[in-house]
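Input: one structure, supplied below.
Read-outs throughout are calculated quantities, based only on the coordinates presented, and are distinct from any laboratory measurement. Nothing here was measured: the structure is a model prediction, and the numbers come from that model. Note that each Cβ is placed from the backbone with ideal geometry, even for glycine, and that neighbours are counted across all protein chains shown.
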Amino acid sequence: QKEVEQNSGPLSVPEGAIASLNCTYSDRGSQSFFWYRQYSGKSPELIMFIYSNGDKEDGRFTAQLNKASQYVSLLIRDSQPSDSATYLCAVNKDDMRFGAGTRLTVKP
Amino acid sequence: DAGVIQSPRHEVTEMGQEVTLRCKPISGHNSLFWYRQTMMRGLELLIYFNNNVPIDDSGMPEDRFSAKMPNASFSTLKIQPSEPRDSAVYFCASSLAPGGQPQHFGDGTRLSIL
């Protein structure tokens, strides 16, 4: 079992829709959870982090964490073509472990 | 503030040659991480340092890879001898602490071994 699992996609949504990205992790002791966005040919860029169960909102982005289910998700509201990228879930206990990423395409 | 600075941005060399990648972390960040990214394997942690001390090098693929952090503002990742399968993008990242803190990535070094 991989430490951090994501659906590789591609996930395709129309412009203006909600994009839902999901991630599960295996280590129950994990304490911090991050979402990174990576455009093709660029480096990962932090967009959200969450430490506690529940929802955390930042603009069009909402991170959701359920530690009991070992599940973290990212919702992108009002998706824009500029949101098209690969989204990496990262889970941190002693060090950071990344998922393989979900490729999101937002179609105009 | 300057972000994480990596050099070179691109490196093309022949197999068997020594390759040295360089990284300057964000000032004040105590932890530094080296990653390798390929299409097949995604983003892999190779090694990380805390306060200039290597903490976990279990991700280093083999003895041909070595990393050093002689001071708080500089780290190197060396491959000797290089092989075609080492071709990848190598990222350096830094954070305030090894656990619980967001990591900030450099632009990466795209390495091609011919």
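Which of B:Glu11, B:Glu62 has the fewest other C-beta atoms within 10 Å, and how do the rest follow up to the most?
With the fewest neighbours first, B:Glu11, B:Glu62 line up as B:Glu62, B:Glu11.
Any chance you could list P(r) for the range A:3-66, counting all Cα-Cα pairs in 5 angstrom bins from zero, rounded to whole %?
4, 13, 23, 27, 22, 9, 3, 0
Output the pairs from A:Lys67/A:Lys93; A:Lys2/A:Lys107; A:Lys2/A:Lys56; A:Lys42/A:Lys67 with a Cα-Cα distance over 20 Å in this structure; if there are none, say none.
Result: A:Lys2/A:Lys107; A:Lys2/A:Lys56; A:Lys42/A:Lys67 exceed 20 Å.
The range B:1-78: which trypsin sites (Lys or Arg not before Pro) are DSSP loop and have at most 16 other beta-carbon atoms within 10 angstrom?
Answer by residue number: B:Arg9, B:Arg41, B:Arg64.
Give me the net charge of A:Gly99's neighbourhood, meaning all other residues with Cβ under 10 Å from the Cβ of A:Gly99; Lys, Arg count +1, Asp, Glu -1.
0
State which stretch of chain A is the longest one without any exposed GluC sites (Glu not before Pro), exposure meaning a DSSP loop state and at most 14 other Cβ atoms within 10 Å.
A:16-108
Under 10 Å, Cα contacts only: if you run a Gaussian network model on chain B, which one of B:Gln103, B:Gln17, B:Gln37 comes out with the highest mean-square fluctuation?
Among B:Gln103, B:Gln17, B:Gln37, the largest GNM mean-square fluctuation belongs to B:Gln17.
Within the range B:1-87, list the chymotrypsin sites (Phe, Trp or Tyr not before Pro) lying in a DSSP loop whose Cβ has at most 14 other Cβ atoms in a 10 Å radius.
none
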